[in-house]
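In what follows, a structure is listed as structure tokens, so that the remarks can point back to it.
Please treat every number below as a calculation from the coordinates, not as lab data. Please read these numbers as outputs of a predicted model, since none were measured by experiment. Neighbour counts are summed over all protein chains in view; Cβ atoms, including those assigned to glycine, are modelled from backbone coordinates with ideal geometry.
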Amino acid sequence: MNKFLDFDSLLLTRRIDDPLITETLVHAAHTPIYRLVTVLLHNPSRVESITKTILLSALEKLDEYLPGTNFNTWLFTLAMQACRKHLQWERWKNLFTKSEGKEIRPKPDPRILEDLDDKLRLPLILAYGFDLEIPDIAVILNHREPAVQARIEKAIHTLEFPGIEEDGKSHALKAEIARQYPLPPAPPEGFSTLIESLHQQVQQRKTRQPRLRLTTWGEVAWFGLSLIVLAGIYLTFNRTSSDNTTLPLFPSPTPPLPEAIVPNTEQISEQPVVDIEYPRYASEPVISADGRTIVYSVHGNNGQNIHLYDRETGQAAPIAFSPEGNQGYSYNYHYSPDISDNGEQVVFAAISMEGSFFSCPDNSYSSCSQIVLYEREEHTWKILSSNQEDQMGN
């Protein structure tokens, strides 16, 4: 790993796109990256392709590295991120694949290095297999230094090395790591072909137009959510009903209230206020069964009289009990009108007193209550019953 010290000095004296930079990086980084990918992945068939992907990514991002900081840590962190993305993608694919063709692995034995939990295995191998310091391992794994130290110690105590004392476990660990993760072979196509291929890919990508690059799963999620929101806005303004009214994207579960139905009303009497002391108003309306005639009482300055309204002619007038009408009578009080089915007979109650049209029988009482029947066609009236003053309360 010390060869990276010379690489830092090379970055300070050469341009990043210099072919010598690509050659030096590939020769120095291929072996450690290949071994790290082998440790992280449990799929030997993908190790070579993932290694090339990491080397290409490192060459593209060299302008982000600050020479003199720690190239080992920067490169291993880049490799760790690429391997984790690959493992996440593999887990997603396994969710939608059938289980018949999957390899059935035996139950892991935590006392063996290969079967050790990754939380303990990775920091242990980085420390004893790659000779990295605790601070560097903490940066690569994105953990705190005390947590990394504790996991390494726990991994050492978990593994079993029969016949080896505690002090000799470090040498046994290095030997075991070297046995399980040996130095990789040279690239199948050779270093010169690999270097030339990577250098051409870097140059081609730099000449392409910039495009949107999503580097984390969080960015992918936010990007997908933004697309959904934009699609929702588009659909909201483009969904229309049969009458070309815009429909909402998420309709309310509560149905809209129906439009208020305005009844077909008909004004049959207008009684303005003509005197503040004697206001006029209509009350007690009754309509005939044939629906043509309405009878009602009107309160005015000369008492209360009965009016009739003909719906066909639209005319309203008080009942006239004489050819001259009801004029000349200072006070009438006619109330509780009713009308026959054909609208020809009207019956109502009348209170008779001095000055009223209907007088009491024999004029022997000052006031009385009488029931009057009025024939519209003949314009005649008839008193049906009469109650004297002393009987009005009954």
Margin query: Counting other beta carbons within 10 Å of each residue's own, what order do ILE125, ILE351 fall into, fewest first?
Written below: ILE351, ILE125
Checklist line | Fewest-first sequence of LEU227, LEU173 by Cβ atoms within 10 Å of each Cβ | finding: LEU227, LEU173
Note to self: So for each of 373-380, 342-349 I average, over its residues, the number of other beta carbons within 10 Å; can you give me the resulting order with the highest mean first?
What the structure shows: 342-349, 373-380
Next item on the list: Determine the sum of side-chain charges near PRO182: Lys and Arg each +1, Asp and Glu each -1, restricted to other residues whose C-beta is under 13 angstrom from that of PRO182.
Entry: +2
Notebook entry, point to check: How would you classify the stretch 1-97 from its alpha-carbon gyration tensor, with a ≥ b ≥ c the square roots of the eigenvalues: rounded for a/c under 1.5, else prolate if a/b is greater than b/c, otherwise oblate?
Noted result: prolate
Checklist line | Order of SER9, SER352, SER57, SER369 - criterion: other Cβ atoms within 10 Å of each residue's Cβ, fewest first | finding: SER9, SER57, SER369, SER352
Checklist line | Entries of LYS52/LYS206; LYS52/LYS174; LYS52/LYS93; LYS61/LYS93; LYS85/LYS119 with Cα pairs more than 20 Å apart | finding: LYS52/LYS174; LYS52/LYS93; LYS61/LYS93
